[in-house]
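S.K.: If you scroll down you'll find the structure; I have some questions about it.
What follows is calculated from the coordinates using simple rules that are stated; it is not laboratory data. In this text the structure is predicted, and so the values were computed from the model without any measurement. Note: ideal-geometry Cβ built from the backbone for every residue, glycine included; neighbour counts use all protein chains shown.
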Amino acid sequence: MATNTTDSFLRLIQRSQKGKLKIYLGYSPGVGKTLAMLQEAERLHENGIDIVAGFVETHEREEFASLFSKLELIPRKKQIYRGIEISEMDIDAILKRQPSVVLVDELQHTNVPGSKNAKRYEDVEEILAAGIHVISTLNIQHLESLYETVEQVTGIKVKERVPDRLLSQAEQLVNVDITPDDLRQRLIEGKLFLPGHPGTLVSDFFKPESLEQLRELTLRELASQIDLKRRTQLADEFPSNPDQIMVCLSSNSLNCEALIRHASRIAGRLNKNWYAVYVQNLAETSPVPDEGSNRQFSDTMALARELGAAVFNYKGDDAVKTILQFAREYRVGHIIIGNSGGTLSLWQRMQGKKSVVERLIDECRDISVTVFDTRQGGASGSSQVNEEPLLIRKKMPGFDKLPHNEWKELVRNAKVVVLGGVVEQKKAFRLLLHECCMARPDIDEEEAWKRLLEREKQGGTYAGSEIGIPHARLDGMKEAAVIIGVSKNGLHDKESGNRARIIFLVLTPISDPNGHIKILGVISNMASDTQWRNAMLQEAN
């Protein structure tokens, strides 16, 4: 597998005049990203490619010594910061040397103050702009839009983060993976180098359940990127009118950064342009913002720009009219707004007054509205959904005729349910779960439902615009269970606005975490199979 990806990247190098980026992605430190990068460097070197090491962190490990010794090293630049000598990657030396390929480890690294760029990924972007190809490494927890999700999973606030655009800009992404048990054994044996991290932080991060969830996040992100590239190619071949995304901010908005990251992930999943629009309502009297508020607002707008949004500031005597006018002018099809938790008084209700969110939902036409619960940093959708009755078929005609050699028997033989109309997410999940439990008396339906909802709170289960994968791990199960839902018009997710058309509901024994990951891996491979996906959707018609 590694040789195939090396050959592919080699062909990209040979035919491209612009710098290409390849990232080895992992779910945790210690999975083997740097080793895999060095092994590829050795193969490229043997093929006559001019490749150098710009910055590779080996920590003097013996298994790296023979690989590292064959590479030309770009000397690091020494800098003095607060009386301490620190060595950083010398970007000027790399640009002067002009190799064909450069290795740059730890993409998320923050450079010492006074460096040419604040972040290493900015160094990489400058190197790419100069026509030099880059091979780098990154862990999933360093993605900017996953900040809140990773904190929920691990209890740790990740300080060093990179914009999501780095993954979408990468020509190739390679998943470097080992089991959590093997990784924890490496930790016990002292084979992981984790400088400056307190023991309690390390123990929290490397808890089995944290590692398993980070592993799932990585798998979903890779599937999403595959789907994004596929849809980008289709959009180039069959251009259509864009359906843009807009996130609304105001002086009353709470937890704005979480709202911005949420919008960024939706835009990335749907491959759409997005706008961060700040509306100051002139009809409201409010105190002059203090310095702290202004700084917070500036930081929020800077984050939106970093994640790829176009930022706009507006003033108006009616916030809803301002928002809808912007939506019409910029062809917005999806509006995201925060729920500040403010309520109208009984007297205001009696006078017929409505909140901004209520008015926005009432007055929107052909625009979906997602209300993000910023009070808790979570999301609770409130949008216009036209639901139709559900149609259930016990067996999908033609399903057994699809190729058998690509999937595990469990998934291939899964029961299929056809959903009619546009179905709200929870309603569809509940129906699929009930159908699953009817055939599996060893599953406690109420407990399974509780676990599914808990898992949903930790992050979306969408692997692209057409595939949803709600899943949970349960006590007392004898073996895994999979059921598939297919919807002609789409499963409506109030949180993200996605309308997935194929849904895999996966339940696995809590005692078999590796089996859980393997099933998700099989499903992700199926999701990227255009022939299979089209065949399934045709059967739903």
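S.K.: Given R₀ = 56 Å, what would the calculated FRET efficiency be for residue 207 paired with residue 280, taking r from the Cβ atoms and rounding to 0.05?
M.R.: Calculated transfer efficiency: 0.80.
S.K.: Would you order 266, 484 from fewest to most other beta-carbon atoms within 10 Å of each residue's own beta-carbon?
M.R.: 484, 266
S.K.: Once you put a point 7 Å from the Cα of residue 478 and another 7 Å from the Cα of residue 299, both along the Cβ direction, what distance in nm separates them?
M.R.: 5.5 nm
S.K.: I would also like to ask the following. Which loop trypsin sites (Lys or Arg not before Pro) in the range 83-138, with loop taken from DSSP, have no more than 16 other Cβ atoms within 10 angstrom of their Cβ?
M.R.: When the trypsin sites (Lys or Arg not before Pro) of the range 83-138 are filtered for loop state and at most 16 Cβ neighbours within 10 Å, 116 remain.
S.K.: Using amide H atoms built 1.01 Å from N in the peptide plane, name the residues 5+ places from residue 474, or on other chains, whose amide H lies under 5 Å from its own.
M.R.: Answer set, sorted by chain and number: 508, 510.
S.K.: Here is a further query. Give me, ordered by chain and number, the residues 5 or more places off residue 249 or on other chains with an amide H under 5 Å from its own placed amide H.
M.R.: For residue 249, the qualifying residues are 277, 278, 279.
S.K.: Just grab the label-to-label distance for residue 440 and residue 185, each label 7 Å out from Cα along the Cβ direction, in nm (one decimal).
M.R.: Distance between the two pseudo-spin positions: 2.9 nm.
S.K.: Follow-up question, since we're still on this one. Modelled label-to-label distance, residue 169 and residue 18, 7 Å Cα→beta-carbon offset: nm?
M.R.: Simple spin-label model gives 1.1 nm for this pair.
S.K.: Would you list 43, 295, 501 from fewest to most Cβ contacts within 10 Å?
M.R.: In increasing order of surrounding Cβ atoms, one gets 295, 43, 501.
S.K.: Roughly speaking, what is the stretch gain from residue 81 to residue 96, that is 0.36 nm per residue apart minus the C-alpha to C-alpha distance, in nm to one decimal?
M.R.: 2.9 nm
S.K.: Sorted from fewest to most neighbouring beta carbons within 10 Å, what does the list 58, 154 look like?
M.R.: Result, fewest neighbours first: 58, 154.
S.K.: Convert each backbone phi in the range 263-276 into a coupling constant with the Karplus relation 6.51 cos²θ - 1.76 cosθ + 1.60 (shift: θ = phi - 60°), then list the ³J(HN,Hα) values in order as whole Hz, x for Gly and Pro.
M.R.: 5, 4, 5, 5, 4, x, 5, 8, 6, 10, 5, 9, 10, 9
S.K.: Mind checking the full-extension length gain between residue 60 and residue 116? Use 0.36 nm per residue of separation minus the Cα-Cα distance, one decimal, nm.
M.R.: Length gained, residue 60 through residue 116: 17.4 nm.
S.K.: Among the listed pairs 18/518; 159/426; 119/272; 116/157; 157/457; 450/478, which have their C-alpha atoms separated by more than 29 angstrom in this model?
M.R.: Listed pairs above 29 Å: 18/518; 159/426.
S.K.: Quick check: residue separation of residue 365 and residue 178 times 0.36 nm, minus the Cα distance between them. What number comes out in nm?
M.R.: Taking 0.36 nm per residue and subtracting the Cα distance, the gain is 62.5 nm.
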